[in-house]
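Here is the structure we will look at, set down as structure tokens.
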Amino acid sequence: RHDGVSGQLSPSRGKAGGPFRRSSVREDASCEPVDRRSEMVTAMESFQSHAMLVWALMPIFVFAQFFVPQLRPTPESGFPNASLVVVGLVIVHHMVAEDRAWTAVKKLLTRPEAVVMHQIGVLRKRRRLLLLGIIEDLDIYTDLNFPFIAYACDEAIHGRFMKSWELVPLFGQAFAYVLRHLRFWGLSAILFGLALLGALVAVTRLSMTREADAIASYKSLSANEKAEQSYHCGTPRLSGEQFFTMARCAETALMPSVAELCEEMGAQRRWVYDAKTKTGGALGAAKARSDAVFGKNTYEDLERFELQNLEERDRVEDAQWAFYVMLLFGRTLVCNSVQLLLQASFFAFSFDYLGEEATNKLLVGMLLSCIQICVRCVNAVSKLGLLGVGLSAVNIAMLLWAAAKVYFAYKCEDHLWGISTGCVRLQS
């Protein structure tokens, strides 16, 4: 509005200070300076510290306690109760590291993105997923102790272990020959050792991830792509691929709450605006829709006219697919389902030999694995479609198989049951 004298614009006399003032207020409120490199470093350091504690230091502690008579697992009591003090410290570290990582990742979000995360319920899931992470800490500790408990019971269960395999049709005799030398505790140690090796590889990859990875894709962009890249307060916008990288690191650190936040942000980032000037922009997209309606164009061809970056969308969807396959196959199947089935078999073999305290601890460990399998499968089915259904079906089938072994341990006379044999009757 002109002041009528100087010809210059005069400020509006509205309550909010005029349209120019209101615009600047909104801009200032939504644009808060964020040091993305610093927040990435904080998150990655939190992931790395807890991952190293759980996957490197805790196995060393469990292995070392085997050589201390007072801390050695026994058939009567299982793992020693005194070692739970160390587990408690691990849980405290988990809660502190999770809080630091959660705060750092939230600072990477713009205000509108934080509102969206709240509306779709991601922020409300934090407490439940934090509890799931603590359950994973406890489950890993019980799994680490399991081969040593099986070793303590080796003389009592080896004969029953061999006879149960010898009765299995077709390949039972061949397996019995191999397992006669490997022993049950050796089999459990090898299988968990493979899972632990995979986790250590993931921890190594995590330690090699630097804050520069968060802006690596931005540095590789061309000048035109940089001009189209979205910004917030003058800093590059993290891509969906980078958020899924952080989600993978969070899962390695047993922080499903932070991983869920990163996953959802990664999924949201697959929608990136592209002006599509080469295809006519918005007018070209409108004409393509009209042509598709009247049969002049296919709906598949219409997709390339839409004002979104299709390459970015495909990259994010590929990262999402790889993440959930890794989670269902690597973490859930190898670390949970296989260990659950082994522990259920051991429960049946050692039914008359384990003490009450050791039995209860074994059952609690199996329950922890069951909780993780169910939560992971339910979450992945909605994200992977038919592939998620297939992988989840394998995990659930192994869970039900293990549950049947535990159930028939109480029902069968010799406590042994198999899918192909039913209740196994061992000759004395």
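The values are calculated or read from the model by the stated rules, or taken from the named source; none is laboratory data. Every value quoted in this text rests on a predicted model; they were computed, and no experiment measured them. Every residue, glycine among them, receives a Cβ derived from its backbone with ideal geometry; neighbour counts consider all protein chains shown. Each accessible area value is taken on the protein alone, full model and side chains, heavy atoms only, with ligands, DNA and RNA left out. Shrake-Rupley method; radii C 1.70, N 1.55, O 1.52, S 1.80 Å.
Observations, loosely collected:
- The lone exception for Asp139 - which of (1) open to solvent by less than 50 Å² (accessible area, probe 1.4 Å); (2) out of contact with any helix residue (DSSP H, G or I) (no Cβ under 7 Å at 6 or more places or on another chain); (3) part of a helix (DSSP H, G or I) it fails: (2)
- None of Leu132, Leu57, Leu109 is aliphatic (A, V, I, L, M) and either under 26 Å from Phe347 (Cβ atoms) or in contact with an Asp or Glu (Cβ under 9 Å, 6 or more places away or on another chain) (or both) except Leu132.
- For the criterion of being closer than 28 Å to Ala253 by Cβ and in contact with a Lys or Arg (Cβ under 7 Å, 6 or more places away or on another chain), Leu191 fails.
- Among residues of the stretch 64-88, those that are without any contact (Cβ under 8 Å) to a residue 12 or more places away in the chain and in contact with a helix residue (DSSP H, G or I) (Cβ under 9 Å, 6 or more places away or on another chain), counted: 3
- Considering Val378, Val364, Val406, the condition of being of a type in the set (Val, Ile, Thr) and either outside any helix (DSSP H, G or I) or in contact with a helix residue (DSSP H, G or I) (Cβ under 7 Å, 6 or more places away or on another chain) (or both) is satisfied by Val406 alone.
- Some residue of the stretch 330-348 being surrounded by 15 or more Cβ atoms within 10 Å (Cβ to Cβ), modelled with pLDDT of 90 or more and not in a helix (DSSP H, G or I): no
- Residue match in the stretch 367-380 (condition: among the small types (Gly, Ala, Ser), at pLDDT below 95 and surrounded by fewer than 17 Cβ atoms within 10 Å (Cβ to Cβ)): no
- Flag for Glu39 being charged (D, E, K, R), closer than 19 Å to Asp137 by Cα and crowded, with 18+ Cβ neighbours inside 10 Å: no
- The residues of the stretch 376-411 that are free of Cβ contacts under 8 Å to residues at least 40 places away in the same chain and closer than 22 Å to Thr359 by Cα, listed by number, are Leu400, Ala404, Tyr407, Tyr410, Lys411.
- Leading residue by the ranking (least open to solvent (accessible area, probe 1.4 Å)) among those in the stretch 169-179 that are farther than 16 Å from Ser345 by Cα and part of a helix (DSSP H, G or I): Ala174
- For Tyr353, the requirement of being aromatic (Phe, Trp, Tyr), surrounded by fewer than 14 Cβ atoms within 10 Å (Cβ to Cβ), farther than 21 Å from Leu194 by Cβ and modelled with pLDDT of 90 or more is not met.
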